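Peer 1: Before I ask anything, here is the structure I am working with.
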Amino acid sequence: MTHAPAGSLLAATGLHKAYGPTKALDGADFSVHPGEVVAVMGPSGSGKSTLLHCLAGIVPPDSGSVTYAGRELTAMSDAERSALRRTEFGFVFQFGQLVPELTCVENVALPLRLAGVRRKEAEHTALAWMEKLQVEDLAGQRPGEVSGGQGQRVAVARSLVTGPRVLFADEPTGALDSLNGELVMQLLTEAARSTNAAVVLVTHETRVAAWSDREIVVRDGRSRDMERAI
Amino acid sequence: MSIGHTLLGLLEAGPRHGYDLKRAFDEKFGHDRPLAYGQVYSTMSRLLKNGLVEVDGIEPGGGPERKRYAITDAGVTDVETWLSQPEKPEPYLQSTLYTKVVLALLTGRSAQDLLDGQRAEHLRLMRILTTRKRKGDLADQLVCDHALFHLEADLRWLELAAARLDQLAKEVRR
Ligand SMILES: Nc1ncnc2c1ncn2[C@@H]1O[C@H](COP(=O)(O)OP(=O)(O)O)[C@@H](O)[C@H]1O
Ligand SMILES: [Mg+2]
């Protein structure tokens, strides 16, 4: 097995994962450096989301290694992994998955509240992130009252509010039209760069991937580093 | 792009010197390929000969660059006709890339590597355009988006071709 590339923050080598007879991952490699935006591309069903889930410690691989800041994820306890997800990682999915009963600012502040930060301070930090994502005017609205593009930007603010070192985004523009998708990508990459967070950006759209620094392509559960394709 | 029609269109706003015209053209449309002076003056003398522009004044000193041009009524009509005519869509049926893929398959070389290499090259240009768009004004954004959507279409074709390589290999070797 090969080792994680020097200087990488998060790296995986030789990942295998099967669901029954389906080989979702069949020897996938990955690495991302601090502050780097890496796109994970490939056809639907090729294993992109499974790769993201293994990298984030949500799903354990059948074999292979995942290291974050030099620590082996597969060797950690569940409690350690979930602590890592709360403090070091942020997540955005295709459908924002905001809590409908809470206002937008309460949604953004939620990860801080769960970490024990006082309400006033949490919402103050939340508002600063909402400003970066240009949704501060929606603070008092509920998710049902805002548009898809706005909701997605609220979700990005929530994913960054704890200052994660890695942002995992799975098809973050998948449910949006071109114009809103553009805005989400522009603001997401700007916000991530402003804190030097690494971004793992799963997408099947090339115009979205063009916001990344580098891409890998996953086909049939195997990854190909496109820098070596030329 | 028809440089004659573009220069005429720029003249509709008011008379300009040749140098001014070149500058306006480069600023709006010539970001990557600025006009050569020679091109401006040869185009203007053609438009002059066809009665689409006239010389509005000449500054002392001589030389062609001293001329100030104004659009004529015939010129305005010409711009209008050009704008109202739809452009012919590109048929895209003579694709070098398709030829390369078929030849790779016929000669037993890796078509997948060829497609992946092309894919990486396309994405590299898309990144450059995205960066320019991010830093640019609205005009830059629109020009870059036009290019980005076309490159994206190419890439979608590349993905589709890659997914059908096995089938294509059988057919081309028949
Ligand atoms: N929880 C699961 N149970 C069963 N099969 C799964 C599960 N998750 C993914 N798969 C299968 O694994 C393969 C890869 O899925 P996924 O990683 O979601 O692909 P992608 O995100 O590229 O569309 C697919 O065939 C999918 O059906
Ligand atoms: Mg997926």
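The values are calculated or read from the model by the stated rules, or taken from the named source; none is laboratory data. If you're wondering where the values come from, they're calculated on a predicted model, not measured in any experiment. All Cβ positions, even for glycine, are placed from backbone atoms using ideal geometry, and neighbour counts span all protein chains on display. Quick note on the areas: whole protein, heavy atoms, side chains included, nothing else; ligands and nucleic acids left out. Shrake-Rupley method; radii C 1.70, N 1.55, O 1.52, S 1.80 Å.
Peer 1: Report those helices (runs of 4 or more DSSP H) wholly inside the stretch B:1-116 carrying at least 2 residues which are at pLDDT 95 or above and not β-branched (Val, Ile, Thr).
Peer 2: Filter on the stretch B:1-116 gives B:3-11, B:37-49, B:73-84.
Peer 1: Right, something else. Of a type in the set (Asp, Glu) and within 21 Å of the chain's Cα centre (by Cα), is that true of B:Asp113?
Peer 2: Working: of a type in the set (Asp, Glu): yes; within 21 Å of the chain's Cα centre (by Cα): no.
In short, no.
Peer 1: Any residue at all in the stretch A:208-222 that's within 20 Å of A:Gln152 (Cβ to Cβ) and either assigned to a helix (DSSP H, G or I) or within 16 Å of ligand 1 (Cβ to nearest atom) (or both)?
Peer 2: Step one: list which residues in the stretch A:208-222 are within 20 Å of A:Gln152 (Cβ to Cβ), which gives A:208-212.
Applying the additional criterion that residues be either assigned to a helix (DSSP H, G or I) or within 16 Å of ligand 1 (Cβ to nearest atom) (or both) yields A:208-209.
Taking every residue of the stretch A:208-222 in turn, at least one turns out to be within 20 Å of A:Gln152 (Cβ to Cβ) and either assigned to a helix (DSSP H, G or I) or within 16 Å of ligand 1 (Cβ to nearest atom) (or both).
Peer 1: Hey, B:Glu59 hits all of (1) touching a Lys or Arg at 6+ places or on another chain (Cβ under 6 Å); (2) open to solvent by less than 30 Å² (accessible area, probe 1.4 Å) but one; which does it fall short on?
Peer 2: Exception for B:Glu59: condition (2).
Peer 1: List the number of the failed condition for B:Ala163; all other conditions in (1) more than 10 Å from chain A (Cβ to nearest Cβ); (2) farther than 27 Å from A:Leu179 by Cα hold.
Peer 2: Among (1) more than 10 Å from chain A (Cβ to nearest Cβ); (2) farther than 27 Å from A:Leu179 by Cα, the lone unmet condition for B:Ala163 is (1).
Peer 1: Taking the conditions exactly as written (part of a helix (DSSP H, G or I), within 11 Å of chain A (Cβ to nearest Cβ), at pLDDT 90 or above and open to solvent by less than 20 Å² (accessible area, probe 1.4 Å)), does B:Leu123 satisfy them or not?
Peer 2: Yes; evaluated as a whole, the condition is true for this residue.
Peer 1: Follow-up. Look at the stretch A:103-120 and say how many of its residues are over 11 Å from A:Ala139 (Cα atoms) and among the hydrophobic types (A, V, I, L, M, F, W, C).
Peer 2: Adding up the residues that qualify gives 5.
Peer 1: Further question on the same structure: Among the residues that make up the stretch A:198-218, is at least one of them within 14 Å of another protein chain (Cβ to nearest Cβ), open to solvent by 60 Å² or more (accessible area, probe 1.4 Å) and in contact (Cβ under 8 Å) with a residue 60 or more places away in the chain?
Peer 2: Within the stretch A:198-218, one or more residues are within 14 Å of another protein chain (Cβ to nearest Cβ), open to solvent by 60 Å² or more (accessible area, probe 1.4 Å) and in contact (Cβ under 8 Å) with a residue 60 or more places away in the chain.
Peer 1: What's the total number of residues in the stretch B:130-155 that are farther than 16 Å from A:His204 by Cα and at the interface with another protein chain (Cβ under 7 Å from one of its Cβ atoms)?
Peer 2: Residues that pass the stated criteria total 2.
Peer 1: Read through the list (1) surrounded by 13 or more Cβ atoms within 10 Å (Cβ to Cβ); (2) under 30 Å from A:Arg224 (Cα atoms); (3) within 27 Å of the chain's Cα centre (by Cα), then give the number of the only condition that B:His17 fails.
Peer 2: Failed condition: (2).
Peer 1: Taking into account only those residues within the stretch A:165-187 that are on the phi < 0 side of the Ramachandran plot and within 16 Å of ligand 1 (Cβ to nearest atom), which is nearest to the chain's Cα centre (by Cα)?
Peer 2: A:Phe168
Peer 1: So A:Val154 ticks every box in (1) more than 12 Å from chain B (Cβ to nearest Cβ); (2) surrounded by 18 or more Cβ atoms within 10 Å (Cβ to Cβ); (3) closer than 25 Å to A:Ser46 by Cα; (4) in contact with a Gly (Cβ under 7 Å, 6 or more places away or on another chain) but one. Which box is left unticked?
Peer 2: (3)
Peer 1: Can you name the residue in the stretch A:19-28 that is open to solvent by 10 Å² or more (accessible area, probe 1.4 Å) and at negative phi and is also nearest to ligand 2 (Cβ to nearest atom) among such residues?
Peer 2: Among those residues, the one meeting the criterion is A:Ala24.
Peer 1: Among the residues of the stretch A:59-75 satisfying the criterion of being aliphatic (A, V, I, L, M), more than 16 Å from ligand 2 (Cβ to nearest atom) and touching a helix residue (DSSP H, G or I) at 6+ places or on another chain (Cβ under 7 Å), which is nearest to the other protein chains (Cβ to nearest Cβ)?
Peer 2: A:Val66
Peer 1: Could you look through the stretch A:29-58, keep only residues that are open to solvent by less than 30 Å² (accessible area, probe 1.4 Å), part of a loop (DSSP other than H, G, I, E, B) and away from every other protein chain (no Cβ under 14 Å), and pick out the one that is farthest from ligand 1 (Cβ to nearest atom)?
Peer 2: A:Gly35
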